[in-house]
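Student: Could you have a look at this structure, given as structure tokens, before my questions?
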Amino acid sequence: MKQKENGHLCRSIAHRGLSTEAPENSLMAFELAGQRGVWGIETDVHSTADGVLVCIHDDTVDRTTDGVGPIREMTFQQLRRCRIDRGRGLTRCSDRSIPTLTAYLDICRRYGAVAVIELKGVSCPEEVRAVYETVRDMGMENRCMCISFQIERLRELRTLTEQIPVQLLAERGTKEIVDRAAALGNSGIDFRTTKTGLSLPTYAHQKGCTVNVWTVNWGFRKRMWERAGADFLTSNRW
């Protein structure tokens with residue numbers, strides 16, 4: 001974490017774990033991020049056909065594992081037979097199974113990292129509730145942040161808890177996106193670094209929103225957004 005000129009902290013979030021040294025969204029990537037001491041560890045959550053919450057980016061297992069098929073059409077037992085077969089440090093990755101949300105939260109808890117959960121494949125109120133109840137039952141409600149491109153999912157979470165901060169994801173940050181996020185309360189925006197002007201954090205802070213920028217991998221961009229007032233920087237490199 002780095003101190004900003006205005007006295008606030010700009011916090012570091014590891015994108016899909018420490019994905020430059022281990023396969024993305026693997027237990028090893030989460031462990032290495034925890035060991036690196038980052039403020040938060042980001043992951044993407046999907047639900048299997050039988051309702052088990054798992055950490056993987058895509059809607060299918062095709063890109064990152066030796067399996068084929070949509071996660072939503074696979075049972076957890078079927079998913080467990082898939083092995084991660086792509087990514088940095090693969091030969092050192094002893095557990096290549098797709099992690100459960102519970103296993104990921106356990107790592108965040110052990111290292112004192114904030115769990116930054118993208119509700120990627122969470123598509124209905126019942127699945128939002130399942131994520132919330134898992135976080136609550138793991139004692140992580142005060143060490144969690146939920147993010148999504150789908151404002152409906154964040155609104156559904158707000159009916160369950162006001163404690164967990166939420167952030168509305170957008171490819172490009174705009175004042176309109178800030179206004180929509182602000183209405184959620186205890187909220188912020190999360191936008192791509194190359195598509196948004198440096199003045200937006202000032203407007204967001206005026207509206208009571210925090211600002212997260214992704215994916216910021218290079219030192220000059222990190223310094224640029226720190227000076228602009230970003231509260232969080234999500235990166236593959238820490």
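The values are calculated or read from the model by the stated rules, or taken from the named source; none is laboratory data. Everything numeric here is computed off the predicted structure, so don't read it as measured data. Ideal geometry is used to build each Cβ from the backbone, glycine not excepted, and the neighbour counts take in all protein chains shown. Accessible surface areas use protein heavy atoms only, side chains included; no ligands, DNA or RNA. Shrake-Rupley method; radii C 1.70, N 1.55, O 1.52, S 1.80 Å.
Student: Probe of 1.4 angstrom, ligands and nucleic acids ignored: what's the accessible area per residue over the chain, in square angstrom?
Tutor: 44
Student: Taking the Cα-to-Cβ direction at Met224 and at Leu90 and moving 7 Å from each Cα, how far apart do the two end points lie in nm?
Tutor: Once both label points are built, they end up 3.3 nm from each other.
Student: Average the reciprocal distances over every distinct pair of alpha-carbons in the range 115-238, invert the result, and give the Kirkwood radius in Å.
Tutor: Working: mean 1/r = 0.0681 Å⁻¹.
For the range 115-238, inverting the mean 1/r across all distinct Cα pairs yields 14.7 Å.
Student: Taking amide hydrogens as modeled 1.01 Å from N in the peptide plane, which residues meet the under 5 Å criterion relative to Val61, leaving out close sequence neighbours?
Tutor: Here Gly69, Ile71 satisfy the definition.
Student: Moving to a separate point now. Pull up the DSSP beta bridges for the chain and report the antiparallel fraction as a percent, rounded to 5.
Tutor: 20
Student: So, one more: Picking from Met145, Ile164, Asn212, whose Cα lies most toward the positive end of the charge dipole for the chain (charges on Cβ: Lys, Arg +1; Asp, Glu -1)?
Tutor: Asn212
Student: Another one. At 4 °C and 1.567 mPa s, what whole-number value in µm²/s does Stokes-Einstein give for the translational diffusion of the range 24-73, with Rh from the Kirkwood sum over Cα pairs? Mind showing how you got there, number by number?
Tutor: On the way: Rh = 11.9 Å.
Estimated diffusion coefficient is 108 µm²/s.
Student: Let me ask something additional. Please report, in debye to the nearest 20, how large the charge dipole of the range 187-236 is about its Cα centre when each Lys and Arg carries +1 at its beta carbon and each Asp and Glu carries -1 there.
Tutor: Dipole about the Cα centre, nearest 20: 180 debye.
Student: If amide hydrogens are placed 1.01 Å from N in the peptide plane, which non-local residues have theirs closer than 5 Å to the one on Met145?
Tutor: Residues meeting the criterion, in which the H sits 1.01 Å from N, are Ala115, Val116, Ile117.
Student: Follow-up. Taking log10 I(q)/I(0) by the Debye sum over Cα atoms at q = 0.08 Å⁻¹ as the quantity of interest, determine which of (i) -0.37; (ii) -0.42; (iii) -0.28 was computed from the displayed structure.
Tutor: Structure-derived value, by its label: (iii).
Student: I'd like to know which of Ile13, Gly185, Cys82 lies farthest towards the positive end of the charge dipole of the chain, counting +1 on Cβ of Lys and Arg and -1 on Cβ of Asp and Glu.
Tutor: Highest projection toward the positive end goes to Ile13.
Student: Provide the percentage of antiparallel DSSP beta bridges, counting only those with both residues in the range 42-154; round to the nearest 5.
Tutor: Working: 6 of 14 bridges.
Within the range 42-154, antiparallel bridges account for around 45 percent of the total.
Student: Could you derive backbone 3J(HN,Hα) for the range 78-95 from the dihedral phi with the Karplus parameters 6.51, -1.76 and 1.60 (θ = phi - 60°), listing whole Hz in sequence and x where the residue is Gly or Pro?
Tutor: Result, rounded to whole Hz: 5, 5, 5, 7, 7, 10, 4, 10, 9, x, 5, x, 4, 5, 9, 8, 6, 10.
Student: Work out from phi, with θ = phi - 60° and the Karplus expression 6.51 cos²θ - 1.76 cosθ + 1.60, the ³J(HN,Hα) of each residue of the range 145-155, listed in order in whole Hz, and give x for Gly and Pro.
Tutor: The phi angles translate into 9, 10, 10, 6, 6, 9, 4, 4, 5, 5, 5 Hz.
Student: Determine the dipole magnitude for the range 57-108: charges of +1 sit on the beta-carbon of Lys and Arg, -1 on that of Asp and Glu, nothing else is charged, the reference point is the Cα centre, and the result goes in debye to the nearest 20.
Tutor: The calculation lands at about 200 debye.
Student: For the range 1-92, what percent of Cα pairs sit more than 24 Å apart?
Tutor: Across the range 1-92, Cα pairs with separations above 24 Å total 30 percent.
Student: A further question follows. Rule-of-thumb check for the range 123-190: C-alpha Rg over 2.2 N^0.38 Å?
Tutor: 1.07
Student: Next up: What is the dipole size for the chain, taken about its Cα centre, with +1 at each Lys and Arg Cβ and -1 at each Asp and Glu Cβ, in debye to the nearest 20?
Tutor: Values: 34 positive and 30 negative charges, 192 e Å.
Value, rounded to 20: 920 debye.
Student: Let me ask you something else. Please report, as a whole percent, how much of the solvent-accessible surface of the range 1-148 comes from carbon and sulfur atoms (probe radius 1.4 Å).
Tutor: That share works out to 45 percent.
Student: Now for a separate question. Would you be so kind as to identify which of Gly51, Thr196, Ile107 lies farthest towards the positive end of the dipole of the chain, taking Lys and Arg as +1 and Asp and Glu as -1 on Cβ and the Cα centre as origin?
Tutor: Towards the positive end, the residue furthest out is Thr196.
Student: Then there is this: Taking the alpha-carbon centroid of each part, what is the distance from the range 107-127 to the range 204-227 in angstrom?
Tutor: 22
Student: How long are the semi-axes of the equivalent ellipsoid of the range 169-238, taking √(5λ) for every eigenvalue λ of the Cα gyration tensor, in whole Å from largest down?
Tutor: Values for the range 169-238, descending: 20, 11, 10 Å.
Student: Hey, what number do you get for the chain at 222 nm if only DSSP H runs of n ≥ 4 count, each worth -39500 (n - 2.57), divided across all residues, to the nearest 500?
Tutor: -8500 deg cm²/dmol, from helical runs alone.
Student: Provide the per-residue ³J(HN,Hα) series for the range 166-176, in order, calculated from phi with Karplus coefficients 6.51, -1.76, 1.60 and θ = phi - 60°, each as a whole number of Hz, with x at glycine and proline positions.
Tutor: 10, 9, 8, 7, 8, 4, 10, x, 9, 5, 5
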